[in-house]
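The values are calculated or read from the model by the stated rules, or taken from the named source; none is laboratory data. Every value quoted in this text rests on a predicted model; they were computed, and no experiment measured them. Every residue, glycine as well, gets a Cβ built from its backbone with ideal geometry; the counts of neighbours run over all protein chains shown. Quick note on the areas: whole protein, heavy atoms, side chains included, nothing else; ligands and nucleic acids left out. Shrake-Rupley method; radii C 1.70, N 1.55, O 1.52, S 1.80 Å.
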Amino acid sequence: MRRALLLLVLCTGLVFADPHWTLYVNNQRFDATMGGQDTMRVDVRAFTHALGLPLAKNEAGQVTVDGQVLDGVTTTDGTDYAPLKNLVAVAGLRMETHPDLQMIDIRPKAVAMSAEELRRQMLHAYTVSTWPQMDYLYKLVRETLEQRLGLKLDHPVVTHWVTLADIRGMAGADGYGYSTAHVRGMDVASLDLYVPFGLSPSLTLHSMAHELGHCWQYDHGIFSAEPLKMEGFAEWVASKVLESLTMSGELQVMKANVYAQYRDGLVYFQNIDRSGGTSAVLQEMLKSRK
Ligand SMILES: [Zn+2]
């Protein structure tokens, strides 16, 4: 992970106009599908393999997943297909549908884990690699933003924990080739937050908080202020979160960012914070509202 590339985050984005629905299973693009959103059917063998689910046939010749009979199986060219919805129901999977992105996201069943267990895991983690770890860090950032900074978001934020390859694929053709986290959604009902697995816990917190800073801007109708203010504000939000969580190492990294809009933008808002506090920073940012 190159630090220099860390905050090359696309701050604007367009909802894709792709006429085809894309299915993600366990964070990976899954292509063995037929049909669109409601009628989507998937290759049962490939699908269960992607999720590590036990697939078998019972004595009556019915296909079973995790010991339960799967309805609606049909065979095309020797491959068994079943309605995605039936598989989700039988295996107790989590399914999120995002009509604006024409994307369906399938995740494994949630693992019940205590906060204590998660904290222990995180202390020893080099990289954030599981859903519960991501959810835990995200909760930490949201709580810090709301309780210590008083930053509330009206729009719901839909979280997507993805791969670095997914993030790279989202970067647009406008010169920004890379980002570690990404927000899409402008005048829409919800904001989409993308953060990749595989970063350190501190960098993950940094990325989440930075992107939520952009969410606050979008939430307040600020989409296109000058880069120094867009990025500087997001970095200031991240710095406040990292400060609250006493993660000083990541704060040092921030100050050394090679991109001026991030580094100097942070200093710009820190100076306002020093003289007028959080409310002065927010007032300054709100001046950019169109
Ligand atoms: Zn940004």
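Figure note: H49, H20 ranked by solvent-accessible area, largest first, 1.4 Å probe, ligands and nucleic acids not counted: H49, H20.
Per-residue surface analysis assigns Y136 an accessible area of about 40 Å², computed on protein heavy atoms at 1.4 Å probe radius.
Accessible-area rank, largest first, for D71, D43: D71, D43, with all protein chains present and a 1.4 angstrom probe.
For the stretch 221-269 and the stretch 119-159, what is the separation of their C-alpha centers, rounded to whole Å? Answer, in whole Å: 18. With a ≥ b ≥ c taken as the square roots of the eigenvalues of the C-alpha gyration tensor of the stretch 63-169, please select rounded if a/c is under 1.5 and otherwise prolate if a/b is larger than b/c or oblate if it is not? Prolate is the answer for the stretch 63-169, as a/c is 1.5 or above and a/b outweighs b/c. Radius of gyration over Kirkwood radius for the stretch 24-84, both on Cα atoms: the Rg/Rh ratio is 0.95.
Label zone (F223, point 7 Å along Cα-to-C-beta; backbone nitrogen cut-off 17 Å) within the stretch 148-162: 155-156. The candidates I104, I272, arranged from most to least accessible area with a 1.4 Å probe in the full protein assembly, appear as I272, I104.
The simple Förster model, with R0 at 22 Å and r as the Cβ-Cβ distance, assigns T278 and K139 a FRET efficiency of 0.55. The string of couplings for the stretch 86-101 from the Karplus curve (6.51, -1.76, 1.60, θ = phi - 60°) is 5, 5, 4, 5, 5, 8, x, 7, 9, 10, 10, 10, 10, x, 5, 9 Hz, one whole number per residue in order, with x for Gly and Pro. Net charge in the neighbourhood of R94 (other residues with Cβ under 12 Å of its Cβ; Lys, Arg +1, Asp, Glu -1) is -1. Seen from G72, the other residues with C-beta closer than 10 Å to its C-beta sum to a net charge of +1, counting Lys and Arg as +1 and Asp and Glu as -1.
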